[in-house]
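Every number here is computed from the coordinates shown, using simple stated rules; none is lab data. Computed from a prediction, not measured in an experiment: that's the story for all the values here. Reconstructed Cβ throughout: ideal geometry from the backbone, glycine too, with neighbour counts over all protein chains shown.
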Amino acid sequence: MSSVDGHPTETRPPEESRPRAAERGPRERMVVHAADLIGRDGVAATSIGDVIAASSAPRGSIYHHFPGGKTQLMTEAVRHAGDYMAGRISSESSATPAGAVAEIGDVWRRMLVATDFEFGCPVLAGGLARRSEPQVADEAEQIFARWTRLISTRLVHEGVEVHRADSLAHLIIAAIEGAVGLCQTQRTVEPLDRVIDELARLCEAAAD
């Protein structure tokens, strides 16, 4: 979520945000805002106090909703981000794997621009937190595996051989994650645009 006049706004494209932030209960707000903070600052730099402040949740509610404390909250936040992108990968609005790759690129492009290139991938940030939060890193590992399976399955359905589909799915995930980091560093969406174009061509060629 980006900030306008001190009020958080959706990082996701508005038309894809359901339910709206104002309609969420305190628990869901904390999860959503935690995912946003992780994407910006990483797991170690995201405190429970930061999440409470961002979500306007009652301070005493954190351990009611998350008896496992920060670890549980960070794990659920990373899972929330993973579920969202898994939905985009599986979206029936994209008829082909190349179309799904293009849609993922479009989602990332809008998030990067909307947050002035501050927002990175919460799942990758979770995976990098293994030393301090191994449970969060384990969740991130499972999410990356899930994304890879979803992409591989779509490729297989298009006629790509199973081993080739699995390798290409790993390449797609790694390339997009790297492109997002380059976009943040260079403050331009050009790396993402180039990577998405090449990945779409690879998907189309593999399915021929």
Mind checking which helices in the chain clear 20 Å along their axis (Cα) and have mean Kyte-Doolittle hydropathy of 0.5 or more, DSSP H runs only? 97-114, 162-186
Around Asp197, with a cut-off of 15 angstrom between Cβ atoms, what is the net charge of the other residues, counting Lys and Arg +1 and Asp and Glu -1? -3
Using the crude model of +1 on Lys and Arg Cβ and -1 on Asp and Glu Cβ, and no other charge, please compute the dipole size for the chain relative to its Cα centre, in debye to 20. 600 debye
Taking N as its residue count, the alpha carbon Rg of the chain over 2.2 N^0.38 Å: 1.03
Order of Arg131, Arg40 under a 10 Å beta carbon neighbour criterion, fewest first: Arg131, Arg40
Of the peptides 136-147, 162-173, 178-189, how do they stack up when ordered by the mean number of other Cβ atoms within 10 Å, highest first? 136-147, 162-173, 178-189
I want the local charge near Gly159. Using Cβ-Cβ distances under 13 Å, sum +1 for each Lys or Arg and -1 for each Asp or Glu among the other residues. -2
Relative contact order of the chain, pairs being alpha-carbon contacts under 8 Å that are 6 or more residues apart, as %: 22 percent
All other residues with a Cβ under 12 Å from the Cβ of Ser94 taken together, and with Lys, Arg as +1 and Asp, Glu as -1, what is their net charge? -2
Subtracting the Cα-Cα distance of Ser61 and Asp193 from 0.36 nm times their residue separation yields 43.3 nm
